[in-house]
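Asks: Mind looking over this structure? Questions follow.
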Amino acid sequence: MSALPPTTSELSIENVVIAYGDVQIINGVSFALKEGQIGCLLGPSGCGKSTLLRAIAGFEPLREGEIYINGELLASTERTVPPEERQFGMVFQDIALFPHLTIFENIAFGIKHWSKQEQRERVLYLLDLVGLSGFESRYPHSLSGGQQQRIALARAMAPKPRLLLMDEPFSGLDTKLREELVPEIRQILLQEKMSAILVTHDQLEAFAMADQVSVMNGGSIHQTGSAYSIYHKPDTRFVASFIGHGDFLASVVCGDNCVHSDLGEIKGNAFHGRTDGEKMDLLVRPDDILHDDDSDFKGLIVNKWFRGSHFLYRVRLPSGKVVYCFASSHHDHSVGQEIGLSVHLDHLVLFPRET
Ligand code: ADP
Ligand code: MG
(Lines give C-alpha, C1' and ligand atoms only; values in the text may rest on other atoms or scores of the structure.)
(Ligands and ions follow the chains in the order given, each with its own letter.)
Protein backbone atom coordinates (compact mmCIF):
# COMPACT_ATOMS: atom_id res chain seq x y z
CA MET A 1 0.00 0.00 0.00
CA SER A 2 1.63 3.21 -1.10
CA ALA A 3 1.50 5.91 1.55
CA LEU A 4 3.03 8.57 -0.70
CA PRO A 5 0.93 11.71 -0.57
CA PRO A 6 -0.41 12.68 -3.97
CA THR A 7 0.61 15.96 -5.52
CA THR A 8 -2.11 16.82 -7.97
CA SER A 9 -5.27 15.48 -6.35
CA GLU A 10 -6.95 17.51 -3.72
CA LEU A 11 -8.58 14.57 -1.97
CA SER A 12 -7.11 11.10 -1.96
CA ILE A 13 -8.67 8.02 -0.44
CA GLU A 14 -6.25 5.10 -0.28
CA ASN A 15 -7.20 1.53 0.54
CA VAL A 16 -9.67 2.57 3.20
CA VAL A 17 -11.21 -0.17 5.34
CA ILE A 18 -13.98 0.61 7.84
CA ALA A 19 -15.59 -1.92 10.16
CA TYR A 20 -18.15 -1.98 12.93
CA GLY A 21 -16.92 -4.66 15.32
CA ASP A 22 -16.23 -7.73 13.21
CA VAL A 23 -18.33 -6.55 10.29
CA GLN A 24 -16.37 -4.90 7.52
CA ILE A 25 -18.48 -2.20 5.87
CA ILE A 26 -15.90 -0.63 3.54
CA ASN A 27 -13.49 -3.09 1.92
CA GLY A 28 -10.39 -1.21 0.91
CA VAL A 29 -11.55 1.57 -1.38
CA SER A 30 -9.42 4.11 -3.23
CA PHE A 31 -10.21 7.13 -5.34
CA ALA A 32 -8.87 10.61 -5.89
CA LEU A 33 -10.67 13.85 -6.56
CA LYS A 34 -8.90 16.72 -8.27
CA GLU A 35 -9.09 20.27 -7.03
CA GLY A 36 -12.36 22.01 -7.90
CA GLN A 37 -14.01 18.81 -9.10
CA ILE A 38 -17.28 17.29 -8.04
CA GLY A 39 -17.18 13.60 -7.25
CA CYS A 40 -20.07 11.29 -6.57
CA LEU A 41 -20.44 8.09 -4.58
CA LEU A 42 -23.25 6.25 -6.35
CA GLY A 43 -24.67 2.93 -5.29
CA PRO A 44 -27.69 1.09 -3.90
CA SER A 45 -28.93 1.70 -0.39
CA GLY A 46 -26.74 0.07 2.26
CA CYS A 47 -23.60 -0.19 0.10
CA GLY A 48 -21.59 2.03 2.43
CA LYS A 49 -21.74 5.48 0.78
CA SER A 50 -22.64 7.40 3.95
CA THR A 51 -20.11 5.45 6.00
CA LEU A 52 -17.34 6.39 3.57
CA LEU A 53 -18.50 10.02 3.52
CA ARG A 54 -18.51 10.11 7.33
CA ALA A 55 -14.96 8.76 7.33
CA ILE A 56 -13.94 11.57 4.98
CA ALA A 57 -15.62 14.02 7.35
CA GLY A 58 -13.76 12.49 10.30
CA PHE A 59 -16.60 10.72 12.08
CA GLU A 60 -15.50 7.12 11.39
CA PRO A 61 -12.12 5.65 12.38
CA LEU A 62 -10.17 3.74 9.72
CA ARG A 63 -9.22 0.10 10.16
CA GLU A 64 -6.78 0.41 7.28
CA GLY A 65 -5.72 2.96 4.71
CA GLU A 66 -5.25 6.70 4.61
CA ILE A 67 -7.14 9.84 3.65
CA TYR A 68 -5.23 12.89 2.40
CA ILE A 69 -6.17 16.39 1.43
CA ASN A 70 -3.64 18.36 -0.59
CA GLY A 71 -1.07 15.80 0.47
CA GLU A 72 -1.78 16.35 4.16
CA LEU A 73 -2.61 13.20 6.07
CA LEU A 74 -6.10 13.50 7.56
CA ALA A 75 -6.68 9.96 8.70
CA SER A 76 -4.83 6.70 9.05
CA THR A 77 -4.89 3.92 11.62
CA GLU A 78 -2.57 5.98 13.81
CA ARG A 79 -3.75 9.51 13.28
CA THR A 80 -7.11 11.22 12.88
CA VAL A 81 -7.59 14.94 12.40
CA PRO A 82 -10.85 15.75 14.25
CA PRO A 83 -13.82 16.77 12.07
CA GLU A 84 -13.85 20.40 13.21
CA GLU A 85 -10.21 20.82 12.15
CA ARG A 86 -10.73 19.45 8.63
CA GLN A 87 -12.50 22.59 7.40
CA PHE A 88 -15.11 20.64 5.47
CA GLY A 89 -18.69 21.71 4.88
CA MET A 90 -21.60 19.30 5.08
CA VAL A 91 -25.12 19.22 3.64
CA PHE A 92 -27.59 16.45 4.41
CA GLN A 93 -30.99 15.30 3.19
CA ASP A 94 -32.48 16.47 6.45
CA ILE A 95 -32.00 20.16 5.76
CA ALA A 96 -32.09 21.20 9.42
CA LEU A 97 -31.87 24.97 9.13
CA PHE A 98 -32.18 26.58 12.55
CA PRO A 99 -35.91 27.46 12.69
CA HIS A 100 -35.52 30.28 15.22
CA LEU A 101 -32.75 32.02 13.25
CA THR A 102 -33.23 34.27 10.24
CA ILE A 103 -31.80 33.25 6.87
CA PHE A 104 -28.96 35.71 7.47
CA GLU A 105 -28.17 34.18 10.87
CA ASN A 106 -28.42 30.66 9.46
CA ILE A 107 -25.87 31.36 6.74
CA ALA A 108 -23.59 33.30 9.10
CA PHE A 109 -23.67 30.50 11.68
CA GLY A 110 -20.23 29.09 10.84
CA ILE A 111 -18.53 32.48 10.39
CA LYS A 112 -19.60 34.25 13.60
CA HIS A 113 -15.94 34.75 14.44
CA TRP A 114 -15.54 36.93 11.31
CA SER A 115 -16.01 40.71 11.58
CA LYS A 116 -19.59 41.98 11.18
CA GLN A 117 -18.63 43.58 7.89
CA GLU A 118 -17.06 40.37 6.52
CA GLN A 119 -20.05 38.31 7.63
CA ARG A 120 -22.42 40.67 5.89
CA GLU A 121 -20.44 40.66 2.65
CA ARG A 122 -20.16 36.88 2.63
CA VAL A 123 -23.84 36.26 3.40
CA LEU A 124 -25.05 38.74 0.78
CA TYR A 125 -22.64 37.29 -1.79
CA LEU A 126 -23.89 33.74 -1.10
CA LEU A 127 -27.55 34.78 -1.17
CA ASP A 128 -26.93 36.29 -4.57
CA LEU A 129 -25.07 33.17 -5.69
CA VAL A 130 -27.96 30.88 -4.73
CA GLY A 131 -30.49 33.27 -6.27
CA LEU A 132 -32.16 34.32 -3.01
CA SER A 133 -31.10 37.93 -2.57
CA GLY A 134 -33.49 39.80 -0.30
CA PHE A 135 -34.31 36.75 1.82
CA GLU A 136 -31.94 37.63 4.67
CA SER A 137 -34.52 38.61 7.30
CA ARG A 138 -36.96 35.81 6.55
CA TYR A 139 -37.27 32.62 8.58
CA PRO A 140 -36.79 29.08 7.23
CA HIS A 141 -40.48 28.07 7.54
CA SER A 142 -41.44 30.73 4.97
CA LEU A 143 -39.21 29.14 2.30
CA SER A 144 -40.00 26.25 -0.06
CA GLY A 145 -38.03 22.99 0.13
CA GLY A 146 -35.80 23.95 -2.77
CA GLN A 147 -35.12 27.40 -1.30
CA GLN A 148 -34.26 25.84 2.06
CA GLN A 149 -31.85 23.44 0.40
CA ARG A 150 -30.14 26.38 -1.32
CA ILE A 151 -29.80 28.14 2.04
CA ALA A 152 -28.37 24.96 3.57
CA LEU A 153 -25.82 24.96 0.76
CA ALA A 154 -24.99 28.64 1.34
CA ARG A 155 -24.56 27.94 5.06
CA ALA A 156 -22.19 25.04 4.37
CA MET A 157 -20.21 27.16 1.86
CA ALA A 158 -19.96 30.26 4.05
CA PRO A 159 -16.71 29.38 5.85
CA LYS A 160 -15.09 28.54 2.45
CA PRO A 161 -14.59 24.87 3.27
CA ARG A 162 -11.79 22.94 1.60
CA LEU A 163 -14.29 20.29 0.60
CA LEU A 164 -18.07 20.12 0.61
CA LEU A 165 -19.67 16.80 1.56
CA MET A 166 -23.29 16.21 0.56
CA ASP A 167 -25.26 13.15 1.65
CA GLU A 168 -28.43 12.64 -0.44
CA PRO A 169 -29.20 16.37 -0.19
CA PHE A 170 -31.89 16.28 -2.87
CA SER A 171 -33.78 13.12 -2.00
CA GLY A 172 -36.45 14.97 -0.02
CA LEU A 173 -37.33 17.13 -3.04
CA ASP A 174 -39.78 16.25 -5.79
CA THR A 175 -38.43 15.13 -9.16
CA LYS A 176 -39.09 18.28 -11.11
CA LEU A 177 -37.49 20.54 -8.52
CA ARG A 178 -34.53 18.17 -8.26
CA GLU A 179 -34.00 18.27 -12.01
CA GLU A 180 -33.81 22.06 -11.88
CA LEU A 181 -31.84 22.40 -8.67
CA VAL A 182 -29.09 19.82 -9.28
CA PRO A 183 -27.51 21.45 -12.37
CA GLU A 184 -27.95 24.84 -10.69
CA ILE A 185 -26.01 23.71 -7.65
CA ARG A 186 -23.34 22.23 -9.88
CA GLN A 187 -22.91 25.68 -11.49
CA ILE A 188 -22.67 27.33 -8.08
CA LEU A 189 -19.96 24.93 -6.95
CA LEU A 190 -18.02 25.38 -10.18
CA GLN A 191 -18.26 29.13 -9.87
CA GLU A 192 -16.88 28.94 -6.32
CA LYS A 193 -14.25 26.39 -7.47
CA MET A 194 -15.34 24.25 -4.56
CA SER A 195 -14.44 20.58 -4.51
CA ALA A 196 -17.37 18.48 -3.42
CA ILE A 197 -18.51 14.91 -2.95
CA LEU A 198 -22.14 13.98 -3.45
CA VAL A 199 -23.59 10.76 -2.09
CA THR A 200 -26.64 9.50 -3.97
CA HIS A 201 -28.41 6.33 -5.08
CA ASP A 202 -29.87 8.21 -8.08
CA GLN A 203 -27.82 7.86 -11.25
CA LEU A 204 -29.45 10.76 -13.09
CA GLU A 205 -28.59 13.01 -10.17
CA ALA A 206 -25.02 11.71 -10.26
CA PHE A 207 -24.81 12.31 -14.02
CA ALA A 208 -26.18 15.86 -13.68
CA MET A 209 -23.89 16.80 -10.82
CA ALA A 210 -20.57 15.03 -11.00
CA ASP A 211 -17.34 15.27 -12.98
CA GLN A 212 -16.45 11.85 -11.67
CA VAL A 213 -18.67 9.05 -10.44
CA SER A 214 -17.53 6.19 -8.19
CA VAL A 215 -19.95 3.29 -8.43
CA MET A 216 -20.15 1.35 -5.15
CA ASN A 217 -21.63 -1.96 -4.16
CA GLY A 218 -21.19 -4.04 -1.03
CA GLY A 219 -18.56 -1.74 0.46
CA SER A 220 -16.35 -1.68 -2.65
CA ILE A 221 -15.87 0.81 -5.45
CA HIS A 222 -16.37 -1.00 -8.73
CA GLN A 223 -15.39 1.85 -11.03
CA THR A 224 -14.53 5.53 -10.93
CA GLY A 225 -14.92 7.56 -14.08
CA SER A 226 -17.00 10.00 -16.07
CA ALA A 227 -20.73 9.39 -16.40
CA TYR A 228 -20.07 8.52 -20.05
CA SER A 229 -17.47 5.90 -19.25
CA ILE A 230 -19.43 4.15 -16.51
CA TYR A 231 -22.46 3.97 -18.82
CA HIS A 232 -20.67 2.98 -22.01
CA LYS A 233 -17.59 1.22 -20.67
CA PRO A 234 -18.60 -0.47 -17.45
CA ASP A 235 -15.74 -2.38 -15.84
CA THR A 236 -17.90 -4.90 -14.03
CA ARG A 237 -21.23 -6.63 -14.48
CA PHE A 238 -22.55 -4.80 -11.45
CA VAL A 239 -21.81 -1.39 -13.01
CA ALA A 240 -23.30 -2.57 -16.31
CA SER A 241 -26.55 -3.62 -14.62
CA PHE A 242 -26.81 -0.82 -12.06
CA ILE A 243 -26.29 2.02 -14.54
CA GLY A 244 -29.02 2.36 -17.14
CA HIS A 245 -31.02 -0.45 -18.66
CA GLY A 246 -29.36 -3.36 -20.33
CA ASP A 247 -29.31 -7.04 -21.09
CA PHE A 248 -26.56 -9.58 -21.47
CA LEU A 249 -26.55 -11.68 -24.63
CA ALA A 250 -24.70 -14.97 -24.77
CA SER A 251 -22.01 -14.46 -27.43
CA VAL A 252 -19.15 -16.29 -29.04
CA VAL A 253 -16.01 -14.55 -30.26
CA CYS A 254 -15.65 -14.84 -34.03
CA GLY A 255 -12.38 -13.13 -34.85
CA ASP A 256 -10.92 -9.71 -34.13
CA ASN A 257 -13.50 -7.17 -32.95
CA CYS A 258 -16.33 -9.52 -33.74
CA VAL A 259 -18.85 -11.57 -31.80
CA HIS A 260 -21.75 -13.78 -32.75
CA SER A 261 -24.89 -13.41 -30.62
CA ASP A 262 -28.70 -13.36 -30.78
CA LEU A 263 -28.24 -10.21 -32.87
CA GLY A 264 -26.18 -12.09 -35.43
CA GLU A 265 -22.58 -11.21 -36.15
CA ILE A 266 -21.55 -7.84 -34.75
CA LYS A 267 -18.36 -5.93 -35.27
CA GLY A 268 -17.23 -3.15 -32.96
CA ASN A 269 -14.16 -1.85 -31.20
CA ALA A 270 -12.95 -1.85 -27.61
CA PHE A 271 -12.52 -5.53 -28.01
CA HIS A 272 -9.07 -7.02 -27.79
CA GLY A 273 -7.24 -10.08 -26.69
CA ARG A 274 -10.16 -12.46 -26.93
CA THR A 275 -9.64 -15.82 -28.52
CA ASP A 276 -11.78 -17.22 -31.25
CA GLY A 277 -14.61 -19.34 -29.93
CA GLU A 278 -14.45 -17.85 -26.43
CA LYS A 279 -17.86 -17.64 -24.76
CA MET A 280 -18.74 -14.15 -23.51
CA ASP A 281 -21.76 -12.11 -22.47
CA LEU A 282 -22.39 -8.99 -24.53
CA LEU A 283 -23.98 -5.94 -22.91
CA VAL A 284 -26.72 -4.34 -24.99
CA ARG A 285 -28.40 -1.07 -24.00
CA PRO A 286 -31.71 0.31 -25.32
CA ASP A 287 -29.80 2.82 -27.44
CA ASP A 288 -27.83 -0.01 -29.07
CA ILE A 289 -30.95 -1.44 -30.72
CA LEU A 290 -33.09 1.06 -32.63
CA HIS A 291 -36.42 0.61 -34.32
CA ASP A 292 -35.95 0.73 -38.09
CA ASP A 293 -38.90 0.24 -40.44
CA ASP A 294 -36.57 -0.72 -43.29
CA SER A 295 -34.79 -3.53 -41.46
CA ASP A 296 -35.47 -7.20 -42.17
CA PHE A 297 -34.25 -8.11 -38.70
CA LYS A 298 -37.45 -8.27 -36.65
CA GLY A 299 -38.46 -8.29 -33.04
CA LEU A 300 -41.85 -8.85 -31.42
CA ILE A 301 -42.97 -6.17 -28.99
CA VAL A 302 -43.68 -7.66 -25.56
CA ASN A 303 -43.87 -4.42 -23.55
CA LYS A 304 -43.65 -0.67 -24.13
CA TRP A 305 -43.17 2.57 -22.20
CA PHE A 306 -43.91 6.03 -23.54
CA ARG A 307 -41.15 8.37 -22.36
CA GLY A 308 -42.26 11.61 -23.99
CA SER A 309 -39.35 12.09 -26.36
CA HIS A 310 -39.13 8.37 -27.21
CA PHE A 311 -40.62 4.94 -26.75
CA LEU A 312 -38.80 2.23 -24.88
CA TYR A 313 -39.86 -1.15 -26.22
CA ARG A 314 -39.11 -4.62 -24.90
CA VAL A 315 -38.80 -6.87 -27.95
CA ARG A 316 -38.36 -10.62 -28.39
CA LEU A 317 -35.63 -11.45 -30.88
CA PRO A 318 -35.94 -14.39 -33.32
CA SER A 319 -33.75 -16.40 -30.91
CA GLY A 320 -36.29 -15.88 -28.11
CA LYS A 321 -34.06 -13.52 -26.13
CA VAL A 322 -35.78 -10.32 -24.95
CA VAL A 323 -34.00 -6.93 -25.21
CA TYR A 324 -34.74 -3.21 -25.01
CA CYS A 325 -35.21 -1.10 -28.11
CA PHE A 326 -35.44 2.65 -28.61
CA ALA A 327 -37.85 4.32 -31.02
CA SER A 328 -38.74 7.93 -31.64
CA SER A 329 -42.06 8.84 -30.04
CA HIS A 330 -43.71 9.04 -33.48
CA HIS A 331 -43.37 5.28 -33.83
CA ASP A 332 -46.26 4.14 -31.68
CA HIS A 333 -46.53 0.38 -32.16
CA SER A 334 -48.61 -2.12 -30.20
CA VAL A 335 -47.60 -4.97 -27.98
CA GLY A 336 -47.70 -8.11 -30.13
CA GLN A 337 -46.63 -6.30 -33.29
CA GLU A 338 -43.39 -7.13 -35.12
CA ILE A 339 -41.02 -4.23 -35.81
CA GLY A 340 -37.76 -3.91 -37.72
CA LEU A 341 -34.61 -3.46 -35.66
CA SER A 342 -31.18 -2.15 -36.46
CA VAL A 343 -28.17 -2.70 -34.25
CA HIS A 344 -25.85 0.19 -33.40
CA LEU A 345 -23.04 -1.16 -31.28
CA ASP A 346 -19.89 0.77 -32.04
CA HIS A 347 -18.06 -0.76 -29.12
CA LEU A 348 -18.57 -4.16 -27.60
CA VAL A 349 -18.77 -4.50 -23.84
CA LEU A 350 -18.06 -8.13 -23.00
CA PHE A 351 -17.83 -10.06 -19.77
CA PRO A 352 -16.72 -13.67 -19.31
CA ARG A 353 -19.79 -15.88 -19.54
CA GLU A 354 -21.40 -16.67 -16.23
CA THR A 355 -22.47 -20.27 -16.06
P1 ADP B 1 -25.59 3.82 2.31
O2 ADP B 1 -25.29 5.22 2.72
O3 ADP B 1 -24.88 3.40 1.07
O4 ADP B 1 -27.05 3.53 2.22
P5 ADP B 1 -24.45 3.16 4.89
O6 ADP B 1 -23.06 3.64 4.79
O7 ADP B 1 -25.41 3.99 5.65
O8 ADP B 1 -25.01 2.83 3.44
O9 ADP B 1 -24.44 1.72 5.55
C10 ADP B 1 -23.62 0.67 5.07
C11 ADP B 1 -23.80 -0.55 5.94
O12 ADP B 1 -23.28 -0.30 7.23
C13 ADP B 1 -25.24 -0.96 6.12
O14 ADP B 1 -25.32 -2.36 6.03
C15 ADP B 1 -25.57 -0.50 7.53
O16 ADP B 1 -26.54 -1.34 8.10
C17 ADP B 1 -24.23 -0.62 8.22
N18 ADP B 1 -24.08 0.37 9.31
C19 ADP B 1 -24.18 1.70 9.19
N20 ADP B 1 -23.94 2.32 10.37
C21 ADP B 1 -23.70 1.33 11.26
C22 ADP B 1 -23.38 1.29 12.67
N23 ADP B 1 -23.27 2.42 13.39
N24 ADP B 1 -23.19 0.08 13.25
C25 ADP B 1 -23.28 -1.05 12.53
N26 ADP B 1 -23.59 -1.09 11.20
C27 ADP B 1 -23.78 0.07 10.58
MG1 MG C 1 -26.63 6.79 3.09
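The values are calculated or read from the model by the stated rules, or taken from the named source; none is laboratory data. Everything quoted here is computed from the prediction, not taken from an experiment. Every residue, glycine as well, gets a Cβ built from its backbone with ideal geometry; the counts of neighbours run over all protein chains shown. What goes into the accessible areas is simple: the full protein's heavy atoms, side chains included, and nothing from ligands, DNA or RNA. Shrake-Rupley method; radii C 1.70, N 1.55, O 1.52, S 1.80 Å.
Asks: So, in nm, how far is label Lys34 from label Gln187 when the simple model puts each one 7 Å beyond its Cα toward the Cβ?
Replies: Inter-label distance under the simple model: 2.3 nm.
Asks: Let me ask something additional. Averaged per residue, what accessible area in Å² does the stretch 38-122 show with a 1.4 Å probe, protein chains only?
Replies: On the way: 4240 Å² over 85 residues.
In whole numbers, the stretch 38-122 has 50 Å² accessible per residue.
Asks: Does the chain come out rounded, prolate or oblate, given a ≥ b ≥ c as the square roots of the eigenvalues of its C-alpha gyration tensor, rounded meaning a/c under 1.5 and, failing that, prolate meaning a/b above b/c? Write down the numbers at each step before the final one.
Replies: On the way: a/c = 2.91, a/b = 1.64, b/c = 1.77.
Taking the square roots of the gyration eigenvalues as a ≥ b ≥ c, the chain is oblate.
Asks: For Lys233, give me every one of the lysines with a C-alpha distance below 24 angstrom, ignoring sequence neighbours fewer than eight places off in its own chain.
Replies: Output for Lys233: Lys34, Lys49, Lys267, Lys279, Lys321.
Asks: Check which residues have an amide H placed less than 5 Å from Arg138's amide H, if you skip close sequence neighbours.
Replies: Ile103, Phe104
Asks: Now a separate question. Quote the Stokes-Einstein diffusion coefficient, in whole µm² s⁻¹, for the stretch 231-355, based on the Kirkwood radius over alpha carbon pairs, a temperature of 10 °C and a viscosity of 1.306 mPa s.
Replies: Values: Rh = 14.9 Å.
It diffuses with D of about 107 µm²/s by this estimate.
Asks: What's the angle, to the nearest 10 degrees (0 to 90), between helix 116-129's Cα axis and the longest principal axis of the chain?
Replies: It is inclined by approximately 20 degrees.
Asks: Compute, for Ser144, the solvent-accessible surface of its heavy atoms (probe 1.4 Å) with the complete set of protein chains present, and express it in square angstrom to the nearest 10.
Replies: 60
Asks: Label-point separation (nm) for Phe109 and Ser319, each offset 7 Å from Cα along Cα-to-Cβ?
Replies: Output for this residue pair reads 5.7 nm.
Asks: Heavy atoms only, probe 1.4 Å: what % of the accessible area of the chain goes to carbon and sulfur, would you let me know? If you can, show how the numbers build up before the last one.
Replies: Working: 8320 of 16720 Å².
In the chain, the share of accessible area belonging to carbon and sulfur is 50 percent.
Asks: Next question. Solvent-accessible area per residue for the stretch 137-220 at a 1.4 Å probe radius, Å²? Can you show the working numbers first?
Replies: Values: 3220 Å² over 84 residues.
Result: 38 Å² of accessible area for each residue.
Asks: How large is the direction-averaged shadow of the alpha-carbon convex hull of the stretch 1-113, in nm²? Please list the in-between numbers first.
Replies: Numbers: hull surface 36.1 nm².
The directionally averaged projection comes out at 9.0 nm².
Asks: While we're looking at this one, here's another question. Could you compute how much accessible surface Tyr228 exposes when probed at 1.4 Å, giving the result in Å² to the nearest 10?
Replies: We get 140 Å² for Tyr228.
Asks: Accessible area per residue for the stretch 243-355 in Å², computed with a 1.4 Å probe and the full protein assembly in place, what is it? If you can, show how the numbers build up before the last one.
Replies: Values: 5740 Å² over 113 residues.
For the stretch 243-355, the solvent-accessible area averages 51 Å² per residue.
Asks: With all protein chains present, calculate the accessible area of Asp235 using a 1.4 Å probe and round the result to the nearest 10 Å².
Replies: 100
Asks: Against the longest principal axis of the chain, how steep is helix 145-157, in degrees 0 to 90 to the nearest 10, with axes from Cα atoms?
Replies: Relative to the chain, helix 145-157 is tipped by roughly 60 degrees.
Asks: With a point put 7 Å past each Cα toward its Cβ, work out how far Leu73 is from Arg120 in nm, to one decimal.
Replies: Using points 7 Å along Cα→Cβ, the separation is 4.6 nm.
Asks: If the label point is 7 Å along Cα→Cβ of His141, which residues in the stretch 89-127 have backbone nitrogen under 18 Å from it?
Replies: Inside the label zone: 95-106.
Asks: In what sequence, largest accessible area first, do Phe311, Phe207 appear using a 1.4 Å probe?
Replies: Numbers: Phe311 10, Phe207 65 Å².
So the residues, ranked largest to smallest area, are Phe207, Phe311.
Asks: Can you list, largest first and rounded to whole Å, the semi-axes you get for the stretch 93-217 by taking the square root of 5 times each eigenvalue of its Cα gyration tensor? Write out the running numbers ahead of the final one.
Replies: Working: eigenvalues 124, 53, 29 Å².
In descending order, the three semi-axes are 25, 16, 12 Å.
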